[in-house]
1. By average Cβ neighbour count within 10 Å, what is the ranking of 94-102, 191-199 from highest down?
2. Sum -39500 (n - 2.57) across every DSSP H segment of at least 4 residues in the chain, then divide by the residue count to get the 222 nm mean residue ellipticity, nearest 500.
3. Rank by packing, highest mean first: peptides 162-171, 11-20, 115-124, with packing defined as the count of other Cβ atoms within 10 Å averaged across residues.
4. Quick one: what are the phi-derived ³J(HN,Hα) couplings along the range 103-114, Karplus 6.51/-1.76/1.60 with θ = phi - 60°, whole Hz, x for glycine and proline?
Amino acid sequence: MRQPSQRFLVVSASMGAGHDAVAGELVRRLECAGHRADRVDVLELLPAGIGPGLRAFYRTAVRRAPVVYAGIYRAFFRPGPAVGPRPGTAPLAALAEDRLLALAGRLRPTAVVPVFHLAAQLTGRLRARGALTVPSAVVVTDFAVHRQWLHPGNDLHLCVTEEAAERVRQALGRPAVATGPLVAERFLGPAPGAADWRR
């Protein structure tokens, strides 16, 4: 018997093609399964100018000043203890709360599905306060689960590997499952020339 159709809100980020590719494949799969899936860019939920500014800064740091990006990663993303308090993205996530809640109120999704770590912080904060009344299932796109993916308010984490899922379970004590990579089917078969490389 076919399950009743559900509606999902997928929250991506246009910080590069990776997160949007995962969001696009997730939307495709949900729609093929007979569900409805809406997609929003978390950068568009931020006040005017902040999203494009973040994207431009990220691209510039990665392309022209990787040492700056490495410093940001050490401060914001690296797991483990640190000397003194460590910064987080909570203030940035807070700036997008009202717009996400308004969108969820208008669309009335069954669940919200972040596929970017800032979006995971956003939904986790809202779920923890009870402001977002539908479950949030985070699709962790990274093999290494950095701490910005981890917010105890989220209901479920869907991870690329079992090792990543175990890291989430240990860090949060919350459900996490390994689903494998969320990529288009063309990436799952052998690549042209794979047999030659195996030999």
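1. On the way: 94-102: 16.3, 191-199: 7.8.
Ranked by mean Cβ neighbours within 10 Å, highest first: 94-102, 191-199.
2. Values: 9 runs with 87 residues, N = 199.
Counting only the DSSP helices, I get -12500 deg cm²/dmol.
3. Values: 162-171: 16.3, 11-20: 19.3, 115-124: 27.4.
Peptide ranking by packing, descending: 115-124, 11-20, 162-171.
4. My calculation for the range 103-114 gives 5, 5, x, 6, 7, 6, x, 6, 8, 10, 10, x Hz in order.
Every number here is computed from the coordinates shown, using simple stated rules; none is lab data. Since we're looking at a predicted model, the values are computed, not measured. Cβ sites come from the backbone with ideal geometry, for glycine too, and all protein chains shown count toward neighbours.
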